[in-house]
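*Asks:* The structure's right below; bear with me while I get my questions together.
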């Protein structure tokens, strides 16, 4: 690990700090200006997520040219991917928390050990998920209520994407190591490289441009998997070469069962937490599918655009998690708490502004992607309704990430159970069918659940029990 500098109170100016955050720096985020620490961490994390969200929107732009069935296939496949993402993100949460805590304690060897054990657990899990996804991908589309035409044309795409979760897992896990160490710039470069390959390959493979074969919808899946694989190769090179804040050498390439079991224990709470959230969303998609393929396509399109804004906000949330973990490791819980409140305020201002733009220009934004008279009006409604919840959701995601950064994965799990299962799903069904509001009722239930989550998370966070969490 390279020499770490303190984030001084009267350090470089704003634009100098921006440049430093992009180039990468080795700072001690447990000292000095909290605002500058947030800036140095959040800028590359936000840009990392921007590239991920840009890929999602651009890729869907090309897929939209293939028709409503292709868009519906992507939407239904992503509902299956939420399960995989829950596993990957759950393990990533525990890896980030443990690496950040060891970095805060100035335990370089412990941080490297935590990184290797997290990657090892991921390898074991991804073998199972990749195999199941390839074998049963087509069955998932049918189970989610897809039309026969969607199952027939989309099975190849779904099987390739789900088999490619091998790359998704490692991309999540190793970037979690970089974030926990405060090496946000390297995590950013990884996703930029991976998604740049995606952006170049996908239209070529979908439409058969130049020397590439015309694979249709399946070409999008192939391009995505290759791009993410390139990103993983880059990550491994950074870890092994020691160019980042954590270096893995031959001495670390062994299984440490004590650390691995601790990671698994933390991960189980995080996985259940995310599974609850993702299962709640799958339930929402299942309710939407009752209104037909056009409704699923519209919902998928609107969500892609929404994620374009929300992923950068997740970047700020990741910054909060890193600051909490490192400052708790350094024995500075007060600084950890102050970091969360400030990050939450900045995130709320950002996402609130984006929400206003989406509400004002929903029709024009959707019009950039589709003119389909069956899809566009529903997508406009979805985008408008969900944008009303941006302000509360912004604060809620930061506080939830702070719990995870402290290693307290139980509290967000309980909150997700209350908000997404006890409130969102019953409310969505009631408003959509019993009260007769249709899709508007489904979209309103999502806003209600997210707002409740933010309120409860803030109340729980103020109690301060997360400060005593052992990682």
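Every number in this text was worked out from the coordinates using simple rules, so none of it is lab data. It should be emphasised that the depicted structure is a prediction, and the values quoted were computed from it without experimental measurement. With ideal geometry, Cβ positions are generated from the backbone for all residues, glycine too; neighbour counts draw on all protein chains shown.
*Asks:* Round to a whole angstrom and tell me the spacing of the C-alpha centers of the range 315-357 and the range 384-431.
*Replies:* 17 Å
*Asks:* Only counting other Cβ atoms within 10 Å, I'd like 30, 322 sorted with the fewest neighbours first.
*Replies:* Ranking 30, 322 by Cβ neighbours within 10 Å, fewest first, gives 30, 322.
*Asks:* What list do you get for 257, 62, 421 if you sort them by fewest beta carbons within 10 Å?
*Replies:* 257, 421, 62
*Asks:* How much FRET efficiency would the formula 1/(1 + (r/R0)^6) give for residue 109 and residue 134, where r is the Cβ-Cβ distance and R0 is 45 Å, rounded to 0.05? Display every interim value, and only then the final one.
*Replies:* Details: r = 38 Å, r/R0 = 0.84.
Efficiency, from the Cβ-Cβ distance: 0.75.
*Asks:* Additional query: When the helices in the chain are scored as -39500 (n - 2.57) per DSSP H run of 4 or longer and the sum is shared across all residues, what 222 nm value do you end up with, to the nearest 500 deg cm²/dmol?
*Replies:* On the way: 17 runs with 364 residues, N = 471.
That comes out to -27000 deg cm²/dmol.
*Asks:* Using 10 Å bins from zero, what percent of all Cα-Cα pairs in the range 240-279 falls into each bin?
*Replies:* Here the calculated profile for the range 240-279 is 24, 28, 32, 15.
*Asks:* In addition: What's the center-to-center distance, using Cα atoms, between the range 268-302 and the range 205-246 in Å?
*Replies:* Cα centroid of the range 268-302 versus Cα centroid of the range 205-246: 27 Å apart.
*Asks:* Quick check on the exposure proxy: order 342, 465, 250, 258 from fewest to most C-beta atoms within 10 angstrom.
*Replies:* The most exposed by this proxy come first: 250, 258, 465, 342.
*Asks:* Go ahead and collect, in residue order, the members of the range 386-419 whose backbone nitrogen is under 20 Å from a label point 7 Å along the Cα-Cβ direction of residue 463.
*Replies:* Flagged as within label range: 396-419.
*Asks:* Right, something else. Can you tell me the relative contact order of the chain? Whole percent, Cα pairs under 8 Å, sequence separation 6 or more.
*Replies:* Computed value for the chain: 21 percent relative contact order.
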